[in-house]
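Input: a single structure, listed below in structure tokens.
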Amino acid sequence: MNSIHRIGVTIASFATVATVAGAFVIQGYVAGQQAEQAIAQVKAPMTPQLIYVNPVPTPQPPPPAQQPQVIHIVVAGYGDDGGPDG
């Protein structure tokens, strides 16, 4: 292998190591930021929240039951009423 190939392989190796190391550094930084935010949320003081609830209205008693209206219709009959006259 001549020297130009050795230099190319060496540079490619360093680039690969730098890329992988950079990925690990960035991943560690992001994980650290997420952990820091989670700890900050746990340590944050809890502020009480007031919740107002309307009371349930008392049910109104049902109105007294009304008798149904009865309508009587008287119809005059025509013809034989079944009497002795016929």
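Conditions tested, residue by residue: (1) outside any helix (DSSP H, G or I); (2) of a type in the set (S, T, N, Q).
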residue	(1), (2)
9	no, no
15	no, no
33	no, yes
45	yes, no
59	yes, no
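Restricting 70, 20 to those that are of a type in the set (Val, Ile, Thr) and modelled with pLDDT under 85 reduces the list to 70. Do we find that residue 27 is under 27 Å from the mean Cα position of the chain (by Cα) and either part of a helix (DSSP H, G or I) or in contact (Cβ under 8 Å) with a residue 40 or more places away in the chain (or both) in this structure? No; evaluated as a whole, the condition is false for this residue.
The values are calculated or read from the model by the stated rules, or taken from the named source; none is laboratory data. Not measured: the values here are computed from a predicted model. Here the Cβ is made from the backbone with ideal geometry for all residues, glycine too, and neighbour counts use every protein chain on show.
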